[in-house]
1. Could you tell me which residue of segment 234-247 is surrounded by the fewest Cβ atoms within 10 Å (Cβ to Cβ), considering only residues that are under 12 Å from Glu273 (Cβ atoms) and in contact (Cβ under 8 Å) with a residue 40 or more places away in the chain?
2. Can you tell which of Tyr101, Tyr121 is at pLDDT 95 or above, of a type in the set (Ser, Thr, Tyr) and under 28 Å from Val196 (Cβ atoms)?
3. Take Gln290 and decide whether it is modelled with pLDDT of 95 or more, surrounded by 14 or more Cβ atoms within 10 Å (Cβ to Cβ) and not small (Gly, Ala, Ser).
4. Would you point out the residue of segment 60-112, among those that are among the charged types (D, E, K, R) and under 30 Å from Ala22 (Cβ atoms), that is farthest from the chain's Cα centre (by Cα)?
5. Mind listing whichever residues of segment 178-217 are of a type in the set (S, T, N, Q), within 22 Å of Val275 (Cβ to Cβ) and surrounded by fewer than 16 Cβ atoms within 10 Å (Cβ to Cβ)?
6. When only residues in segment 115-169 that are of a type in the set (A, V, I, L, M, F, W, C) and part of a loop (DSSP other than H, G, I, E, B) count, which is nearest to the chain's Cα centre (by Cα)?
7. What tally of residues in segment 120-166 results from selecting those that are closer than 26 Å to Leu244 by Cβ and free of Cβ contacts under 8 Å to residues at least 24 places away in the same chain?
8. Give segment 1-53 a look and list any residue that's assigned to a loop (DSSP other than H, G, I, E, B) and open to solvent by 70 Å² or more (accessible area, probe 1.4 Å), or say none.
Amino acid sequence: MNNFINISDLSKNDLRSIIDSAKKRKSERGKKPHSEPDADQPLKGKTMIMIFEKTSTRTRISFDLAVKQLGGSSIILNQDEIHYGKGDETIKDTAKVLSQYANILMIRTDSHNNVEEFKKYLDIPIINGLTNHGHPCQVMSDILTFEELKGDIKNKTIAWIGDGNNVSNSFIEAATKFEFKLKIASPKKYHPDADVIKIAKKNKCELLITEDPYKAASNADCIMTDKWISMSDKGDKKKKKKILKKYQVNNNIMQAAKPDAIFMHCLPASREEEVTSEVMDGKQSVVWLQAFNRIHAQKSIIEWCMK
């Protein structure tokens, strides 16, 4: 049994095996209908419970399809439908019950501490579907997508432009493990988590943190961004957007990267804020493949957790 909470928790070999397994399963699956299971059905008779404390489109659908394609079934619980979501049952008690009902748990929550607390009391694996600290499943899908189009990500250069949020935290952890160069451009006020940066530098990650978006974009193989205002933001949103305005990914930013650079966005996107529609819908954009690959990356993560 394995938990998938932070990319930094896993060895380089385990992370590589997850990506390679995702590639293999995607290739072998071919053009099967989305709801048709894979031939081997490794999750036959198994159930995944998914708890959503935050709204979701891609995470919800992709995990549901991932479980079905592995031959299993899923139960989706929203925050207002369960006692834990309302705050009138402890995480410990909820974990003990869920361990008897399912074989694996995925949770999407504001609080990273909640995921760590669940881990203490569960007798089944847990997957971090997103927290305020990280979004590791998204990053694994992004690496799968990059390698599908551009080859091995090792020694390649990824540029993150905009808010240093939970996804960027997971990307820093991934850069250390997969050994790619990561350049993050964000205002000082919105840099990624200081502890994550500190650990990455200690582990000799090729990491640049800058306030200059063009310096980050220069010679990059991939430009990435995310919404400036996340679901958990509680500050002055208008002020934040104003500060981040010069970090919009537009044609000028894309031209600073390599001519064959790709553009990624984990979605949902606020068009004409963090990215222009021209870039989002342009030839270098791979956002739709990136979203689709969530299914394949998560199938591999689930399989790894169930070992």
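The values are calculated or read from the model by the stated rules, or taken from the named source; none is laboratory data. Quick caveat: nothing in here was measured; it's all calculated off a predicted structure. Glycine also receives a Cβ, built like all others from the backbone with ideal geometry; neighbour counts cover every protein chain displayed. For the accessible areas, the whole protein counts, side chains as well, though only heavy atoms, and no ligand, DNA or RNA atoms are used. Shrake-Rupley method; radii C 1.70, N 1.55, O 1.52, S 1.80 Å.
1. Among residues in segment 234-247 that are under 12 Å from Glu273 (Cβ atoms) and in contact (Cβ under 8 Å) with a residue 40 or more places away in the chain, the one surrounded by the fewest Cβ atoms within 10 Å (Cβ to Cβ) is Lys240.
2. When all the criteria are applied, what remains is Tyr121.
3. On the way: modelled with pLDDT of 95 or more: yes; surrounded by 14 or more Cβ atoms within 10 Å (Cβ to Cβ): yes; not small (Gly, Ala, Ser): yes.
For Gln290, the condition - modelled with pLDDT of 95 or more, surrounded by 14 or more Cβ atoms within 10 Å (Cβ to Cβ) and not small (Gly, Ala, Ser) - is met.
4. Taking segment 60-112 first, the residues among the charged types (D, E, K, R) are 60, 64, 68, 80-81, 86, 88-89, 92-93, 96, 108, 110.
If we keep only those that are under 30 Å from Ala22 (Cβ atoms) too, we end up with 60, 64, 68, 108, 110.
On the way: Arg60: 13, Asp64: 16, Lys68: 20, Arg108: 11, Asp110: 14 Å.
Among those that are among the charged types (D, E, K, R) and under 30 Å from Ala22 (Cβ atoms), it is Lys68.
5. Keep residues of segment 178-217 that are of a type in the set (S, T, N, Q), which gives 186, 203, 210.
Retained after the next criterion (residues that are within 22 Å of Val275 (Cβ to Cβ)): 186, 210.
Correct list: Thr210 only.
6. Once the filter is applied, the top-ranked residue is Ile153.
7. Selection size over segment 120-166: 0.
8. The answer is Met1, Lys31, Pro33, His34, Ser35, Glu36, Ala39, Asp40, Lys44, Gly45, Lys46.
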